[in-house]
Amino acid sequence: MNFEYKPHYVLYDSGKRGCLFVAPHAGIAFRKPGDYQDEGTHYIAYRLAKELGGKALISNITREKEIGVDFFRSPPSQENALKYYEQLRSGRKKDTMAFRKKNAWVARDVAEHSLKSVIFNDFWNVIKEAHVPVIFVHRQFLNPIRHPSLIDVIPFNHTKATQAAMKRVNKKYEKVFEELFEMYKLSFEFKTRCVMFKGKLEKHGLAMFKKKRPKIQKRVDKFIEKTRRMPYIRLTYKRNFKGESVREMVEQHLLDKDHPILHLEISEFLTNRYPMLAVHLIRDLMKFQKIY
């Protein structure tokens with residue numbers, strides 16, 4: 001593998017023709033590591049490129065907008081980037097919700113805005129100039145809302161072929177998913193216990209745990225009920241995500257009818273614990289769709 005290093009990304013090149021695997025949020029996180037860092041997606045993208053050919057484009061800066069750049073959002077105007085900087089730093093979520101959903105960064109001054117514009121364009125130029133199928137590798141939280149999705153598959157084109165390939169993958173790995181299910185439930189229970197412990201720390205007045213405690217028991221009950229109705233995990237089709245966060249960029253710069261564009265939301269159960277299983281699942285999804 002050949003490596004190209006930039007301040008904001010690493011590009012792995014297998015030396016063989018293939019897809020471009022993009023991990024846009026694999027960079028470090030400072031304020032909310034559980035929310036803003038897609039742990040494991042860097043490895044999944046790299047292994048896919050190494051095994052199947054092609055390249056892996058992996059971000060190595062934070063997606064936190066006041067510090068870094070969110071490559072899944074659109075670039076803001078200079079006026080808005082400067083206007084919302086102090087508001088984002090102050091944590092006033094109600095005032096910034098609409099802005100954060102659409103825009104990739106804020107900036108303290110014109111020079112920072114210009115720098116972030118260069119970073120953003122440089123990252124996306126690698127994608128736009130690839131002229132091959134593009135596979136976005138992203139992470140979805142392990143929680144009751146997501147179940148039973150192990151990987152949520154969002155195609156921007158070639159939808160029928162993607163759906164057919166997904167069904168074949170689910171059939172092939174049916175027994176694996178069944179055997180993995182107990183470990184999946186244990187992972188959820190472990191995560192729940194971590195949150196419950198955080199609630200106990202709040203009671204002791206620790207400043208770093210001052211946020212509102214979620215209703216844990218309600219969450220647990222909901223998960224148990226869902227697993228009874230949907231007893232196994234599987235690949236799903238646009239169940240939890242529609243690709244809206246990156247749709248504008250894809251439609252503006254990337255949508256080529258000759259090249260499939262896929263957005264894959266991979267459960268953190270896989271990204272954190274079984275990344276190689278994720279690699280095999282995505283490999284077969286692409287194989288059945290004849291992407292490689």
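The values are calculated or read from the model by the stated rules, or taken from the named source; none is laboratory data. Because the structure is predicted, anything quoted here is derived from the model rather than measured. Because the Cβ atoms are built from the backbone with ideal geometry, glycine has one as well, and the counts that use them run over all protein chains shown.
Tell me the strands (runs of 3 or more DSSP E) entirely within the stretch 1-112 that contain at least 2 residues that are at pLDDT below 95.
Fully inside the stretch 1-112 and qualifying: 2-5.
In the stretch 240-258, which residues are in a helix (DSSP H, G or I) and touching a residue at least 24 places away in the same chain (Cβ under 8 Å)?
Within the stretch 240-258, SER245, VAL246, ARG247, GLU248, MET249, VAL250, GLU251, HIS253 qualify.
For PRO148, which of the numbered conditions (1) farther than 19 Å from SER245 by Cα; (2) surrounded by fewer than 16 Cβ atoms within 10 Å (Cβ to Cβ) fails to hold?
Evaluating PRO148 over (1) farther than 19 Å from SER245 by Cα; (2) surrounded by fewer than 16 Cβ atoms within 10 Å (Cβ to Cβ) leaves (2) as the failure.
Please tell me if LYS128 is modelled with pLDDT under 95 and in contact with a Leu (Cβ under 9 Å, 6 or more places away or on another chain).
Spelling it out, LYS128 is indeed modelled with pLDDT under 95 and in contact with a Leu (Cβ under 9 Å, 6 or more places away or on another chain).
Scanning for something of a type in the set (S, T, N, Q), surrounded by fewer than 23 Cβ atoms within 10 Å (Cβ to Cβ), in contact with a helix residue (DSSP H, G or I) (Cβ under 7 Å, 6 or more places away or on another chain) and in contact (Cβ under 8 Å) with a residue 24 or more places away in the chain, does the stretch 14-27 turn up at least one residue?
Yes; the residues of the stretch 14-27 include at least one that is of a type in the set (S, T, N, Q), surrounded by fewer than 23 Cβ atoms within 10 Å (Cβ to Cβ), in contact with a helix residue (DSSP H, G or I) (Cβ under 7 Å, 6 or more places away or on another chain) and in contact (Cβ under 8 Å) with a residue 24 or more places away in the chain.
Exactly one of these conditions fails for GLU251: (1) crowded, with 18+ Cβ neighbours inside 10 Å; (2) out of contact with any strand residue (DSSP E or B) (no Cβ under 7 Å at 6 or more places or on another chain); (3) not aliphatic (A, V, I, L, M). Give me its number.
That leaves (1) as the condition not met.
Say we look at the stretch 259-280 and pick out the residues that are charged (D, E, K, R) and in a helix (DSSP H, G or I); which of these is surrounded by the most Cβ atoms within 10 Å (Cβ to Cβ)?
GLU268
Going by the structure shown, is ILE127 among the hydrophobic types (A, V, I, L, M, F, W, C) and touching a Cys at 6+ places or on another chain (Cβ under 7 Å)? First the steps, then the outcome.
On the way: among the hydrophobic types (A, V, I, L, M, F, W, C): yes; touching a Cys at 6+ places or on another chain (Cβ under 7 Å): no.
Judged against the criteria, ILE127 is not a match.
Among the residues in the stretch 239-257, are any farther than 18 Å from PHE21 by Cα, at pLDDT 95 or above and either touching a Gly at 6+ places or on another chain (Cβ under 7 Å) or aromatic (Phe, Trp, Tyr) (or both)?
So far as the stretch 239-257 goes, no, none of its residues is farther than 18 Å from PHE21 by Cα, at pLDDT 95 or above and either touching a Gly at 6+ places or on another chain (Cβ under 7 Å) or aromatic (Phe, Trp, Tyr) (or both).
Answer yes or no: is there a residue in the stretch 62-82 that is in contact with a strand residue (DSSP E or B) (Cβ under 7 Å, 6 or more places away or on another chain), surrounded by 23 or more Cβ atoms within 10 Å (Cβ to Cβ) and small (Gly, Ala, Ser).
no
So PRO133 ticks every box in (1) surrounded by fewer than 21 Cβ atoms within 10 Å (Cβ to Cβ); (2) more than 23 Å from ILE28 (Cβ to Cβ) but one. Which box is left unticked?
PRO133 satisfies every listed condition except (1).
How many residues does the stretch 217-248 contain that are touching a Ser or Thr at 6+ places or on another chain (Cβ under 6 Å) and exposed (fewer than 15 other Cβ atoms within 10 Å of the Cβ)?
1
Which of the numbered conditions does PHE181 fail, given that it passes all the others? Conditions: (1) out of contact with any helix residue (DSSP H, G or I) (no Cβ under 9 Å at 6 or more places or on another chain); (2) modelled with pLDDT of 90 or more.
With respect to (1) out of contact with any helix residue (DSSP H, G or I) (no Cβ under 9 Å at 6 or more places or on another chain); (2) modelled with pLDDT of 90 or more, PHE181 is out only on (1).
Specify which of the listed residues (ASN103, ASN125, ASN157) is polar (S, T, N, Q) and free of Cβ contacts under 8 Å to residues at least 24 places away in the same chain.
The match here is ASN125.
Considering LYS211, LYS191, which residue is modelled with pLDDT under 75 and either within 19 Å of PHE269 (Cβ to Cβ) or outside any helix (DSSP H, G or I) (or both)?
LYS211
From (1) in contact (Cβ under 8 Å) with a residue 40 or more places away in the chain; (2) within 27 Å of ASP258 (Cα to Cα), pick out the condition that doesn't hold for ASP70.
All conditions are met except number (2).
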